């Protein structure tokens, strides 16, 4: 073949079309990706920058070697680096920022100078490449003039961080545009479809459905009257200009629906595009997503996207990035009007370097993002999380709401170094709200042995006991199994199992029957249960507040009959080190305050905790990695490896719990795409530490489903004797037990 005189250059091929009649022209692909990426970035004023990235991203396909690759040559061709080189040559410093995205649009964002798993950008820009044919300049017209983003507000001390953040957002726009145009080409040529159907209900339609639901709410109790007042007041604040907000409402005050109503009102008032709920725990993601679907009526199913990480395949690299296989690995790009996701998914993606995780990031711009249970922001990464929150509000038109009953002391006026400023409170008089919604008394009762604890549980017919790890919870549950109404909740039970258990628990409580529940902390975030008495193992003050929110939740009992007892656990069940630090700060508050759950006490608790930790333990080192003042040294890959919210990576095991789980597992043998099946299997997962997972794998207790097709993406529990109808997954191999000691 002699492509030197060939009038056509191609971006993508079709195996079934040897004559190239329907292959995608390279110029068409580059222009389409440039336009798409530019449109996406225009939301935050960087449309021209992203357009250039799109026009240059596949420039290296204007080589004889790459065109031969499309015709079947087995030789790999680097087709991304040429575009990165041109970006630097034509656009100087801002071109260098584009070069990261262009060079990394398949492999991922590299470090500027230091090679990791990915070759550094500096080395990429110096490597020998196939000859770039000059015909590209006749086919692709680059924009002239300045490319700097419009309205960008730099903050002197954070300059390089802000540029690194902009680079990742441009990368997001480029990767998403590239996926979408490639997908559209293959859908058109192979299935006769123009594009995939992604029509969603409007925010106005969703608000109308929510209003219909809220009209049925009745303020028929003191607690419901307060909830109605909170809802009305919060919605009245929606006209305020976009930026940073807090919603400081006691547990049980109706934060979930109040925040949804505010988010829809605020988004509609200011032309924002979607609502993103960021929630600390997967189990609560599933629960809140179900609530939102319910209150939004028939529009709920198509409007709410639930995205966490169980079956994403994130971090995997595609062997042949030019094949349509890359489409099967494409992650959701968060174009739905309501996203419900985890804190891990949200924040780790904002520091990620792989296209699969970054693809969605540009859709956070001009959104309303609710950070639910904001006190759970990871202490060890607090500084970089704060910097991200501030930057999204400052330069990306995002309104963020710190939503919690225990507001962490993160503001400048509260003494937090580099804290948040201009945070506006949405709730009506939080201090007064707390007094009005006080429904339980909290007592610190010191050390309780398991025998003493079991005696106390026996003496109370309806009682909740929360401990800090799963094996302790199981041990206590087995010790009270002979008592009427003994129940158990743990994340060793799959979500479907837990849901069924909660239905029974709520019914027993409603009917006044004995109900003695032993649980891990999973019941503390968003689980709507109401006990007259609660025992809570020592933990952080925020956890104790959450536990207290399960006591007399509906305010139907006198205050003096509603008690929360905080106790130190037996030495046989050592408190995990991180929880022990939180518990120590909480003990200090108990010693100094008569009202240990007052807003003043909570602020004092967080200030003491942050002081105990110090800047380095709050994640200052992550930001220090970026602050060398040079675009050429942004350590994207190193940041992605360092910013890990969970130290011990958890892996999912599918429990064939009922016929629906088995039907979904059977369907994997014949479906072409596993996305829908993966969603059906979400309620049947148990997440395990890596060591425990490997022990079960080695023992043959778990095995991959359809391994030839999906690899180890779907791991099923095949030894069903290991799953107990009361306690969930149980495994007596020593490495499993050791790992479990640290898991709540």
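The values are calculated or read from the model by the stated rules, or taken from the named source; none is laboratory data. Bear in mind the structure is a predicted one, so any value in this text is a computation, not a measurement. Glycine gets a Cβ as well: all are built from the backbone with ideal geometry, and neighbour counts include every protein chain shown.
Scoring residue 729 on the criteria (1) over 18 Å from residue 469 (Cα atoms); (2) within 28 Å of the chain's Cα centre (by Cα); (3) modelled with pLDDT of 90 or more leaves a single failure, condition (1).
Give the residues of segment 115-140 that are over 12 Å from residue 56 (Cβ atoms) and either without any contact (Cβ under 8 Å) to a residue 24 or more places away in the chain or loosely packed, with under 14 Cβ neighbours inside 10 Å (or both), sorted by residue number. Walk me through it before giving the result.
First, the residues of segment 115-140 that are over 12 Å from residue 56 (Cβ atoms): 115-131, 133-135, 138-139.
Once the filter is applied, which keeps residues that are over 12 Å from residue 56 (Cβ atoms) and either without any contact (Cβ under 8 Å) to a residue 24 or more places away in the chain or loosely packed, with under 14 Cβ neighbours inside 10 Å (or both), segment 115-140 yields 115, 117, 119, 120, 123, 126, 127, 128, 131, 134, 138.
Against the conditions (1) surrounded by fewer than 17 Cβ atoms within 10 Å (Cβ to Cβ); (2) under 28 Å from residue 291 (Cβ atoms); (3) touching a residue at least 12 places away in the same chain (Cβ under 8 Å), residue 500 satisfies every one except (3). Taking the listed residues 166, 170, the one that is touching a helix residue (DSSP H, G or I) at 6+ places or on another chain (Cβ under 6 Å), within 19 Å of residue 104 (Cβ to Cβ) and either at pLDDT below 95 or in the same structural domain as residue 90 (by TED's automatic domain parsing) (or both) is 170, with no other qualifying. With a requirement of 2 or more residues that are within 30 Å of the chain's Cα centre (by Cα), the strands (runs of 3 or more DSSP E) lying completely within segment 383-464 that satisfy it span 399-404, 423-425. The set of residues in segment 353-373 being within 13 Å of the chain's Cα centre (by Cα) and in a helix (DSSP H, G or I) consists of 357, 358, 361, 364.
Listed here are the residues, each with its yes/no results for (1) crowded, with 20+ Cβ neighbours inside 10 Å; (2) under 27 Å from residue 156 (Cβ atoms); (3) free of Cβ contacts under 8 Å to residues at least 60 places away in the same chain.
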| position | (1), (2), (3) |
| --- | --- |
| 359 | yes, no, no |
| 363 | yes, no, no |
| 403 | yes, no, no |
| 429 | no, no, yes |
| 436 | no, no, no |
| 447 | no, no, no |
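Against the condition assigned to a helix (DSSP H, G or I) and buried (at least 16 other Cβ atoms within 10 Å of the Cβ), how does residue 262 come out, does it pass? Outline the logic, then answer.
Working: assigned to a helix (DSSP H, G or I): yes; buried (at least 16 other Cβ atoms within 10 Å of the Cβ): yes.
For residue 262, the condition - assigned to a helix (DSSP H, G or I) and buried (at least 16 other Cβ atoms within 10 Å of the Cβ) - is met.
On the stretch given as segment 59-76, residues that are surrounded by fewer than 19 Cβ atoms within 10 Å (Cβ to Cβ) and outside any helix (DSSP H, G or I) total 6. Against the test of being closer than 28 Å to residue 64 by Cα and in contact with a helix residue (DSSP H, G or I) (Cβ under 7 Å, 6 or more places away or on another chain), the options 149, 143 yield a single qualifying residue, 143.
Kindly establish whether residue 517 is surrounded by fewer than 21 Cβ atoms within 10 Å (Cβ to Cβ) and modelled with pLDDT of 95 or more. No, not satisfied. Set side by side, the residues 532, 576, 596 differ, and just one is farther than 20 Å from residue 488 by Cα and touching a strand residue (DSSP E or B) at 6+ places or on another chain (Cβ under 9 Å), which is 596. Filtering segment 465-480 to residues that are touching a residue at least 60 places away in the same chain (Cβ under 8 Å) and assigned to a loop (DSSP other than H, G, I, E, B) leaves 467, 468, 469. Applying the selection to segment 38-58, what residues are in a helix (DSSP H, G or I) and surrounded by fewer than 24 Cβ atoms within 10 Å (Cβ to Cβ)? Result: 38, 39, 42, 43, 47, 48. Counting the residues of segment 451-475 that are surrounded by fewer than 22 Cβ atoms within 10 Å (Cβ to Cβ), more than 21 Å from residue 688 (Cβ to Cβ) and in contact with a helix residue (DSSP H, G or I) (Cβ under 7 Å, 6 or more places away or on another chain) gives 2.
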